[in-house]
Amino acid sequence: MKRETLLTLAVIVLLLLNFTMLGVMVFRGEQGPGPHPGPDRLIVEGLRLDKAQIQQFEELKAEHRGQMQERDLQQKATQHQLWQLLRTSSPDTTLANLLIDNLAVLEKEKKKRTFEHFQKLRAICRPEQQALFDSLIEEISKAMMPPPRGPKR
């Protein structure tokens, strides 16, 4: 067999395999790895929230997200100021330390606001749901964490 014929045959076989795999993935509904589901479903289903509680939860989430976005913007601006100090040959270390302290305060505020958010969530639960909350809080906190970063290649 000629080399060109062999290569053509190999390309055709590989294309057929690719199309077969795509077909299997589409028809079986397998999308491959994707982002992990957030904690919302875990909270609503795990705590068995009723419609009124779901509405309260949505309001709590909106409030919390607003607080977090505000802190994130402040952190981003402060971080930018910190990195700008590196543009000089002799950065102001006093200012750098102040900015680093501000970043720590903002991060502390975010942790505190998140804790308060979950206190409020627990408060809208009925006693039997509070027991579920107590058993689910570890899982909820893990669901909120960003996926771990692997080593860069």
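Some notes on this structure:
- Qualifying residues in region 133-153 (those that are hydrophobic (A, V, I, L, M, F, W, C) and under 17 Å from the mean Cα position of the chain (by Cα)) - the one surrounded by the fewest Cβ atoms within 10 Å (Cβ to Cβ): Met145
- Single match in Gln130, Gln119 (criterion: within 14 Å of Ile43 (Cα to Cα), more than 21 Å from the chain's Cα centre (by Cα) and not in a loop (DSSP other than H, G, I, E, B)): Gln130
- Within region 55-91, considering residues that are among the aliphatic types (A, V, I, L, M) and over 18 Å from Met144 (Cβ atoms), the one surrounded by the fewest Cβ atoms within 10 Å (Cβ to Cβ): Leu86
Bear in mind that the values in this text are calculations on the coordinates, not laboratory data. Treat the numbers as computed from the prediction; the structure is a model and nothing was measured. All Cβ positions, glycine included, derive from the backbone under ideal geometry; neighbour counts span all protein chains shown.
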